[in-house]
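Working notes, structure below.
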Amino acid sequence: MQFRQADQQAIDRGELTLTFRRWRRPQARVGGRYRVGQQVIEVTSVTQIEPTDISVEDARAAGHDSADAVLEAILRNQRKSGDASAPLYRVAFRCLGTQVDPRSVLAADAEISSDELTALTERLGKMDARSKHGPWTRASLEAISAGPGRRAAELAAEQGRETAKFKADIRKLKALGLTISLEVGYELSPRGHVVLDALKTTSD
């Protein structure tokens, strides 16, 4: 789950313990742990609700002054990406504190052996082969490299893909240490640049 920088700081201080999201289906599960900046949060409940069910207390726990402010924030975000007509979910969580993200350590490591590089490119090839929408790994890496910080919705639209599925694929690349999530959009990691160069060399 993505949060603004200010919200990440509020989570770290224990001031923000709820978030409201519009999803076609829940994108978080009870007991699931998710990295938010340098913090890790654990989801304690996921409940589908109606907009009229948002209480003032819940709004404040989500970093807003009122239920109307919550809905306005959701609408503002949905104009950029997502589905404004999707069901509304109330997601409660607790902060587990600062933890080193092993993906960040991996992403910063550009010292890749030839065997490891071969294994990575082969793995990307298998991901392409399993994909229902055709090869996507190199195209996605190239798009992120060419436009770091661009919104996922823009990148997905250029590739003729749904935003949610595109973001799910980028998370797979992040798990391999190839991309870094920014407050808005993504950028290639040092490791990602090495792998992309190898893909270009192999196909050229």
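So that you can scan it fast, the table gives a plain yes or no per residue for (1) out of contact with any Lys or Arg (no Cβ under 8 Å at 6 or more places or on another chain); (2) among the charged types (D, E, K, R); (3) in the same structural domain as Ala119 (by TED's automatic domain parsing):
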site	(1), (2), (3)
Glu154	yes, yes, yes
Phe166	yes, no, yes
Lys174	no, yes, yes
Leu199	no, no, yes
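Write out, first by first residue and then by second, each pair whose Cβ atoms fall under 7 Å of each other, whose residues are 6+ apart or on separate chains, and whose first residue, in the stretch 115-133, is more than 14 Å from Val194 (Cβ to Cβ) while the second is in a loop (DSSP other than H, G, I, E, B).
Once the first residue is more than 14 Å from Val194 (Cβ to Cβ) and sits in the stretch 115-133, its partners that are in a loop (DSSP other than H, G, I, E, B) give Asp128/Pro135; Asp128/Trp136; His133/Arg161.
Within the stretch 29-38, identify whether any single residue is in a strand (DSSP E or B) and hydroxyl-bearing (Ser, Thr, Tyr), and answer yes or no.
Yes, because at least one residue in the stretch 29-38 is in a strand (DSSP E or B) and hydroxyl-bearing (Ser, Thr, Tyr).
Give me the pairs, please: first residue somewhere in the stretch 163-182 and in a loop (DSSP other than H, G, I, E, B), second residue anywhere and of a type in the set (A, V, I, L, M, F, W, C) and surrounded by fewer than 19 Cβ atoms within 10 Å (Cβ to Cβ), beta-carbon distance under 7 Å, and either six or more positions apart or on two chains.
Note: pairs meeting the criteria are Gly177/Leu106.
If only one of Phe3, Phe20 is crowded, with 18+ Cβ neighbours inside 10 Å, in a loop (DSSP other than H, G, I, E, B) and not basic (Lys, Arg), which one is it?
On inspection, the qualifying residue turns out to be Phe3.
Given the stretch 67-158, what helices (runs of 4 or more DSSP H) lie entirely inside it while holding 3 or more residues that are more than 19 Å from Thr179 (Cα to Cα)?
By residue number, 67-78, 114-130.
The values are calculated or read from the model by the stated rules, or taken from the named source; none is laboratory data. These numbers come from a predicted model, not from an experiment. Neighbour counts are summed over all protein chains in view; Cβ atoms, including those assigned to glycine, are modelled from backbone coordinates with ideal geometry.
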